[in-house]
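The values are calculated or read from the model by the stated rules, or taken from the named source; none is laboratory data. In this text, all values refer to a predicted model and were calculated from it rather than measured experimentally. In this analysis, Cβ positions are derived from the backbone assuming ideal geometry, glycine residues included, and neighbour counts consider all displayed protein chains. The accessibility values were calculated without ligands, DNA or RNA, using every heavy atom of the protein model including side chains. Shrake-Rupley method; radii C 1.70, N 1.55, O 1.52, S 1.80 Å.
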Amino acid sequence: MKLSQLVFRSMRKNIKQYYLYFFALIFSVTLFFSFITLQFNDAVHQATIKSGTATAGFEVASYMLYFIVLFFVLYANHLFMKRRSKEIGLYQLIGMRKGLIVRLIAYENILLFAGAVAVGIGIGYLTSRLFAMILLQVIAFDGIVVGMSFSLEALGSTVFVFAILLFIVLLQQAFFIRKVSLLSLFTAAKQGDERVKRMSWWKMLVGFLGIVFIAYGYYASTKLFEIDENNNLFLDMFIILATTIGGTFLVFRFSVSFLMNLIRLKKGGHLNTVDVVAITPIMHRMKSNAKSLTLITILTAVSLAITTLSYIAYYSVEDAVKTKVPADYILMDEKGESFLQLLDENNIAYEKMDFPFTEAMVQMERLLKHRESEGYTFFKNEISLSVISQTAYNQLRPEVQLREKESIVTGYSGYVSALVPLEANGTIDVSIGEYSDELKVVDIHETTVLGSGPFINGQPMLVVTDDLYELLERANSNKEWPFWTKQTSVNLLDKDDLKQAEALYTQSGAHEFQIAEDSEDTFTKPSQEMERNDYLRAMGVTIFTTGFLGLAFLLATGSILYFKQMSEADEETEAYNTLRKIGFSEQELMRGIYMKQLFNFGVPLLIGLLHSYFAVKSGWFLFGTELVTPLIVTMGLYILMYFVFGVLSISYYKKVIRESF
Amino acid sequence: MAILRARKIKKVYGKRNLAQEVLKGIDLEVDKGEFVGIMGPSGSGKTTLLNVLCSIDQVTEGMVEINGSKLQGMKEKELANFRRDQLGFIFQDYNLLDTLTVKENILLPFSIRKMPRAVVEARFREIISILNIEDIVHKYPNEISGGQKQRTSAARALVAEPSLIFADEPTGALDSKSAVALLTNLAQINEQKQATIMMVTHDAVAASFCSRVLFLKDGALYTELYRGDRTRNEFFQQILATQSVLGGDGHEA
């Protein structure tokens, strides 16, 4: 028989084993190809070209994708080789040289890769269209019908990447075949399995330590952004990462066996079905599974945290936009008159609010919640803040009534307010020109009144009594360019007019501002809608790429867990056969299997969820303003996907148990 | 009193032209307390017979009745319950679960039936003392010898005191000394506890421990020998003689 015949024959006979590996390959090619296609797609390119971060984001994401695909394919190959160790041993036993076996396996892999790349590119071509539509949807980009053409660049780069991957896989296999002895090939399937010995006291201690490590990491993460004297953010982050990752490994390696062993010892040999089918095999395999479970858990946690954070950012776009541009249109002094005229001419209904404002130098150290710490130099110096009168402020917050020498700090929100909390029970020093006094701060609000820039000091700002405002305005009257004194916030009454109003806004020239008094250069003061589109474009690409990577991670880790369960089920066929002979019914065995799957998928998921929860909780406010909904949505999706993999795995076990007898 | 009754059982593998009749209508009765051996050359249908008698495999025709219950027509779940409550199994390759200790393996049958822990513990103590495996109960299967594994397997089959114990080549993988030790134990339990045992073997020495030996040839019952009052050695000689008449693998013993 020629080698080629042998290759084809062995592939035909092993179709069931190949199917899993082949599926993993196709899946990787599909993900990769559709992502690269997106990158080279015209519509996507046009939609994202305005955002520099988007292009960079795509680049970073494609490198991440290399990593996921590499990790996934190498792992699948590893499982595949383990399953075939007997076959390889047999070839050697009948006198085939190792070099020939390596060539045999190499031919097979080249065929498999070629097939997978062809099929994967076919599927990827179809899915890339779907992904492109999703992307344009999240960045709220309409107007372009997605015309997907087959991208030769994407084809080239996919073929190139998978050719390299094939090369690495071949090296891995050649190494595997050359290194191992005949005997170890026959027992490779059993390698790494450990008989659980009586637990020694130090193992119990280490198991306990794992839990302590994780608990400490969680505790430290809640303190991460509390600024104090001996704060070293990077060291703290490193410690948190080290304790949680190390703790996770120890938990899988020792704590799980430790807890299960306690249960088992208590039974004194009298096990029930669940103990027999779930607990003892899990304990048995914990040594070989600890590393991969740790890796899967950490990957789950990381991708979940990243997805959640970017979703938080995307979800909070509205809040972020409103902080920067608090009304549909922000007009300065008389510069907006032409725009308002245009609105009137076109019968567009709107409401407007005038906010005269001025400036004062303020020292607000005594408001700091953590006054003793050494940071916050910003708040310890005199800073220039915008000031408005109570009357103006009452347009937004009618309930506010200030007495003499009282004031309110407002517009203090976002991550700055979370990092540097202020308390409304102190006094501030206010001065401008001749005026200098101490005011009592009665409240701290988040309400944004003035948009940021141009020539407006951003947040926070000060609200004072009308009398004091007049005083400050007079003291501040030596005008210098540019010195704006009034902001007009315009809100459309009917949002259907928005499109027309946007056009009028640019037409009126109310958006153009000179950069300096003697300069011809201008910059644009965006309307709320313009700002929103900018944000959506940047955040949309971020949420899309992180979501895509999150999905890739999720599918890769879920598939690996599923593959692992498939090979475990195969290895345990004999035990199921024995149990059924003894009189265990299918249903009784399945009850144990449910528990086993609950553990196999549930525990990495649960620990991953906890990790990402604490990671997100420690710093979410840096990314946006809403935690609960994005967190629940992403976690819900993850749980759902893991559930699907769990169900797949259960149905495989069902098949194995049915056929074991 | 007959504990097992089989009527005209036939087993056919394959379909139509490829069909092969492995059992060609066997009638059989086993009384309570009997130790029955099944012998015959390779391919005579010994193991198939045992499998259809113990409900692991289905007959093509005929019926099997154990302790008054007919196996044919029982649903999968009823069969599982039936095996649990009535039958014990000992196999050539032990079929122990690697992940369980010897004690846990032996107590497996109790995982699926409700019985007071004290009763279970008492039965367990008794059986391990008869089989002489007290010292290894906390070890794992990979830490003990083949003979010990097989005695563990036997203990598991016997501990629930089933109506009928099936053994398929229980000594097949053992050296002669371990084999004799195990068979002595089985014979002892058969006598003391009136346990009914059916054992497939191709080993004349093993068969000589039985009270009756059936010989199969080409899927039909060829003859049967009763030990009666003879010594084990005399019975052994007679078995050898019958085997040589029968041909096949007599020399293997």
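Numbers for the structure displayed
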| read-out | value |
| --- | --- |
| Residue selected from region A:139-167 under the condition open to solvent by 30 Å² or more (accessible area, probe 1.4 Å) and of a type in the set (S, T, N, Q), by the criterion modelled with the lowest pLDDT | A:149 |
| Number of the exception - residue B:194 against (1) in contact with a strand residue (DSSP E or B) (Cβ under 7 Å, 6 or more places away or on another chain); (2) open to solvent by 30 Å² or more (accessible area, probe 1.4 Å) | (1) |
| Qualifying residue in region A:267-278 (condition: of a type in the set (A, V, I, L, M, F, W, C), surrounded by 21 or more Cβ atoms within 10 Å (Cβ to Cβ) and more than 11 Å from chain B (Cβ to nearest Cβ)) | no |
| Residue, nearest to residue B:41 (Cα to Cα), within region B:216-241, restricted to residues that are open to solvent by 40 Å² or more (accessible area, probe 1.4 Å) and touching a residue at least 40 places away in the same chain (Cβ under 8 Å) | B:217 |
| Single unsatisfied condition, residue B:118 versus (1) at the interface with chain A (Cβ under 8 Å from one of its Cβ atoms); (2) aliphatic (A, V, I, L, M); (3) open to solvent by 60 Å² or more (accessible area, probe 1.4 Å) | (1) |
| Failed criterion for residue A:585 (all others in (1) touching a residue at least 60 places away in the same chain (Cβ under 8 Å); (2) within 14 Å of chain B (Cβ to nearest Cβ); (3) within 30 Å of residue B:166 (Cβ to Cβ); (4) surrounded by 15 or more Cβ atoms within 10 Å (Cβ to Cβ) hold) | (1) |
| Residue list for region B:145-160, restricted to those being open to solvent by 20 Å² or more (accessible area, probe 1.4 Å) and within 13 Å of chain A (Cβ to nearest Cβ) | B:149 |
| Test: residue in region A:483-491 that is assigned to a helix (DSSP H, G or I) and open to solvent by less than 20 Å² (accessible area, probe 1.4 Å) | no |
| The lone exception for residue A:610 - which of (1) among the aliphatic types (A, V, I, L, M); (2) within 14 Å of chain B (Cβ to nearest Cβ); (3) open to solvent by 40 Å² or more (accessible area, probe 1.4 Å) it fails | (2) |
| Residue check, residue A:136 open to solvent by less than 40 Å² (accessible area, probe 1.4 Å), closer than 18 Å to residue A:173 by Cα and assigned by TED's automatic domain parsing to the domain that holds residue A:8 | no |
| Filter result for residue A:248 (buried (at least 21 other Cβ atoms within 10 Å of the Cβ), within 11 Å of chain B (Cβ to nearest Cβ) and of a type in the set (S, T, N, Q)) | no |
| Count - residues of region B:201-215 that are closer than 15 Å to residue B:154 by Cβ and either polar (S, T, N, Q) or open to solvent by less than 10 Å² (accessible area, probe 1.4 Å) (or both) | 2 |
| Meets criteria (open to solvent by less than 20 Å² (accessible area, probe 1.4 Å), within 14 Å of chain A (Cβ to nearest Cβ) and under 17 Å from residue A:583 (Cα atoms)) for residue B:105 | yes |
| Residue count, region A:566-582 (criterion: of a type in the set (Gly, Ala, Ser) and more than 8 Å from every other protein chain (Cβ to nearest Cβ)) | 2 |
| Conditions (1) in contact (Cβ under 8 Å) with a residue 60 or more places away in the chain; (2) more than 8 Å from every other protein chain (Cβ to nearest Cβ); (3) within 20 Å of residue B:34 (Cα to Cα); number of the one not met by residue B:92 | (3) |
| Residue match in region A:189-200 (condition: modelled with pLDDT under 85, away from every other protein chain (no Cβ under 12 Å) and in a helix (DSSP H, G or I)) | yes |
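Quick grid of which residues meet (1) more than 14 Å from every other protein chain (Cβ to nearest Cβ); (2) surrounded by 22 or more Cβ atoms within 10 Å (Cβ to Cβ); (3) touching a helix residue (DSSP H, G or I) at 6+ places or on another chain (Cβ under 9 Å); (4) in contact (Cβ under 8 Å) with a residue 12 or more places away in the chain:
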{"residue": "B:3", "(1), (2), (3), (4)": "yes, no, no, yes"}
{"residue": "B:12", "(1), (2), (3), (4)": "yes, no, no, yes"}
{"residue": "B:23", "(1), (2), (3), (4)": "yes, yes, yes, yes"}
{"residue": "B:39", "(1), (2), (3), (4)": "yes, yes, yes, yes"}
{"residue": "B:68", "(1), (2), (3), (4)": "yes, no, no, no"}
{"residue": "B:85", "(1), (2), (3), (4)": "no, no, no, yes"}
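Each row is one residue, and each column tells you yes or no for (1) within 14 Å of chain A (Cβ to nearest Cβ); (2) open to solvent by less than 30 Å² (accessible area, probe 1.4 Å); (3) farther than 30 Å from residue A:261 by Cα.
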site: B:44; (1), (2), (3): no, yes, yes
site: B:58; (1), (2), (3): yes, no, yes
site: B:64; (1), (2), (3): no, yes, yes
site: B:112; (1), (2), (3): yes, yes, no
